[in-house]
Structure formats: C-alpha cells, structure tokens
1. Could you figure out which of (1) within 23 Å of GLU146 (Cβ to Cβ); (2) in a helix (DSSP H, G or I); (3) open to solvent by less than 30 Å² (accessible area, probe 1.4 Å) isn't true of VAL55?
2. Restricting attention to the range 117-149, and to residues there that are out of contact with any Ser or Thr (no Cβ under 8 Å at 6 or more places or on another chain), in a loop (DSSP other than H, G, I, E, B) and among the polar types (S, T, N, Q), which single residue is farthest from PRO166 (Cα to Cα)?
3. Take the range 10-51 and flag every residue that is out of contact with any helix residue (DSSP H, G or I) (no Cβ under 8 Å at 6 or more places or on another chain) and part of a helix (DSSP H, G or I).
4. Taking the range 58-73, which residues are of a type outside the set (S, T, N, Q) and open to solvent by 50 Å² or more (accessible area, probe 1.4 Å)?
5. So which residues in the range 2-21 are under 23 Å from HIS56 (Cβ atoms), charged (D, E, K, R) and surrounded by fewer than 16 Cβ atoms within 10 Å (Cβ to Cβ), if there are any at all?
6. Tell me the residue from ALA116, ALA153, ALA183 that is of a type outside the set (Asp, Glu), out of contact with any Phe, Trp or Tyr (no Cβ under 8 Å at 6 or more places or on another chain) and either at pLDDT below 95 or under 30 Å from PRO53 (Cβ atoms) (or both), please.
7. Can you name the condition, by its number, that LEU91 falls short on among (1) under 29 Å from LYS137 (Cβ atoms); (2) open to solvent by less than 30 Å² (accessible area, probe 1.4 Å)?
8. Being crowded, with 16+ Cβ neighbours inside 10 Å and either of a type outside the set (Ser, Thr, Tyr) or within 28 Å of VAL125 (Cα to Cα) (or both) is the filter here, so list the residues in the range 74-88 that pass it.
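The values are calculated or read from the model by the stated rules, or taken from the named source; none is laboratory data. Treat the numbers as computed from the prediction; the structure is a model and nothing was measured. Note that we place each Cβ from the backbone using ideal geometry, even for glycine, and neighbour counts take in every protein chain shown. Ligands, DNA and RNA are stripped out before the accessible areas are found, and what is left, the full protein with its side chains, is counted by its heavy atoms. Shrake-Rupley method; radii C 1.70, N 1.55, O 1.52, S 1.80 Å.
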Amino acid sequence: VHSLARDKSISVRSCAILTLLASLNIDHDKAIAWFIECVAADPILLGTPYAKPFVHNAAYRDLNSISSVVESMLRSEDVTVVWAGAVEVCLLGLDLNVPPQDVERVERGTTQMREAAATFYAANVSHQIVGAVCRNKLKPFFSDPEVSVRTQAATAFQHIGSIDTPAQSDLLAAFLASKPGPASLELMVRALDESQVQLPDLVCQLAELDR
C-alpha cells in the first residue's frame, strides 16, 4: 500500500487512495501519513473520488494530522475541492473541537467557501441535534453580498416544514429582515407553497415584499 501511495504515476496514486481509506480501520496513523505523502505529488489528487471520504474519516481519528490536507483543499485552484474542504470544516466544526477561527475563516472566506457553508447549514436546519446551531449560523448568509450565496442560504426553506413553529418563525423573520432579492424569494415562495407552515403575519410580509 505504501508503495502504491508513493508511485511515480499520478493515476496509480489516485487508485491507492481507496486502499488507504480501507487502511484507516487497521492503522490510521500510517494511513494518514501515507495519504499526505500520496496527495503531495499533485494537487489534482485532492479532487479524486476517494480523497474527500478519506479526509472526512481521517479527521474523526486524528484531526490535527489531517488538518494540513484540509488547508490545501481550501487553497486549491479547483473550486470543487475548495467547496469540499469548506463543507468539511463546517461539519467538523459541529462535531469536533475545531478552532472557532478556522470555521469563521470559511464562513467569511471566498465566495466558494461561503456558498459551501450556506449550503451545508441550509441542508441541516431541521437536523435533530445540530439544527438550532445550523439555523443560527445560516442567518448571516441571508444578507451576503453575493447573490449565489444568498440563494444557497434560501434553500433552507425546503426543510422548513420539518422544524417546529417557533423555529420556522425565527428563520423566516431573519430571512425577511435581510430584504431578499428575486432569486432567494422565488426559492422561498416555492418552498412555502409545498409546506404546511402556519405563519400568516410573516407570510403576508413576504407577499408584500414580493410585489
């Protein structure tokens, strides 16, 4: 496995990552060390299919050891790799002791980072355990300077029917306070049309805003 992970061929190293992923269950210290050595050969390896799952699973075994790879992902010229790295930071920030400044760096980072963060928090607003945290973290993205980020944040309303009425009210009020643009409003209206939300006052405000 070690030989494959440091092979001269980038394609061989790419395939070796799957073997390294399996090796995490046997000796995670070696697997992480060999993975770092493997992807150091070419940044393109961070965008291969098994790199993200490896980083995710490795982080739960030794966050400090894999942090340099996460940093490389955030600095990548490939926007899909940056996106994956940003999502991973946000996720780990909820589960592990990731320094708050590292999470804030993503939440206030490049457009791609903020889009990823907004998408991640929006997708988890109704999560049984971290839903409340995700809803609070999502609110600033409603007012983001970039339309693409605000639009991603508005996808949260696809899940609004799965949270209780006070949480629905709080999230919708924060959205309306941000004075959303047409793209975000369209997502919001479609989501409400398909939900059982019972917030007449706020829905009336939304209708007035949409005129």
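1. It fails just one condition, (1).
2. ASN124
3. Residues satisfying the conditions are SER11, LEU18, ALA22.
4. Listed by number, the residues that qualify are TYR60, ARG61, GLU71.
5. ARG6, the sole residue that qualifies.
6. ALA183
7. The number of the failed condition is (2).
8. Matches in the range 74-88: LEU74, VAL81, VAL82, TRP83, ALA84, GLY85, ALA86, VAL87, GLU88.
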